[in-house]
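The numbers here are math on the coordinates, done by the rules we state, and not lab data. Quick caveat, the model's predicted, so the values are computed rather than measured. Every residue, glycine among them, receives a Cβ derived from its backbone with ideal geometry; neighbour counts consider all protein chains shown.
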Amino acid sequence: MAEPGAGAKTPAARAARRVETAARARVPRAHEWTGEKRALFLETLTRTLNISASARAAGMSTVSARALKRRDPGFAEAWAEAMLTFSVDLDLVPALSEDRERLWKALTAADFLSDAEKREMLGFDNG
């Protein structure tokens, strides 16, 4: 995953860039939402849809996250976009581990398949 604020196309990156530009004139306080904290919050929210976990990851409270969402339309927009672009890393879902293990063993034993065919069966890009 890219560093927080690295790409211009993600909601987190846009929010981080706006805040960093505005906050260059002074040093942020420890309890303040910096661009880095906003980006981390939004990236975690995209992965988890969990506001509490996202706030914890950013070192902030859920109360302050919701307050920021109310007073900053850009952050509110990035928050909404993060909720809509939710993505799941299926390798991190414990309930699927048995199925993954069974599939991995079957593909490992299938000597008649090329590595490219095995990757395709697992859903990996060959490019």
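Results, tabulated for the structure shown:
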| quantity | calculated |
| --- | --- |
| Length-normalised contact order of the stretch 11-84 in % [C-alpha pairs under 8 Å, at least 6 apart] | 33 percent |
| MRE, 222 nm, helices only [DSSP H, n ≥ 4, -39500 (n - 2.57), over the chain, to nearest 500] | -18500 deg cm²/dmol |
| Taking the chain and dividing mean pair separation by its residue count, relative contact order in percent (alpha carbons under 8 Å, at least six apart) | 19 percent |
| Pairs of alpha carbons in the stretch 47-90 whose separation is greater than 15 Å (percent) | 46 percent |
| Least to most buried among Lys9, Lys69, Lys105 (fewest other Cβ within 10 Å first) | Lys9, Lys105, Lys69 |
| In degrees, nearest ten, helix 73-84 long axis to first principal axis of the chain (Cα) | 20 degrees |
| Burial ranking of peptide ranges 44-52, 83-91 (average Cβ count within 10 Å, highest at the top) | 44-52, 83-91 |
| The stretch 11-84 - convex hull of the alpha-carbon atoms, volume per residue in Å³ | 71 Å³ |
| Karplus 3J(HN,Hα) series, Hz, for the stretch 112-124 with 6.51 cos²θ - 1.76 cosθ + 1.60 (x for Gly, Pro) | 7, 9, 6, 4, 5, 5, 5, 4, 5, 5, 7, x, 8 |
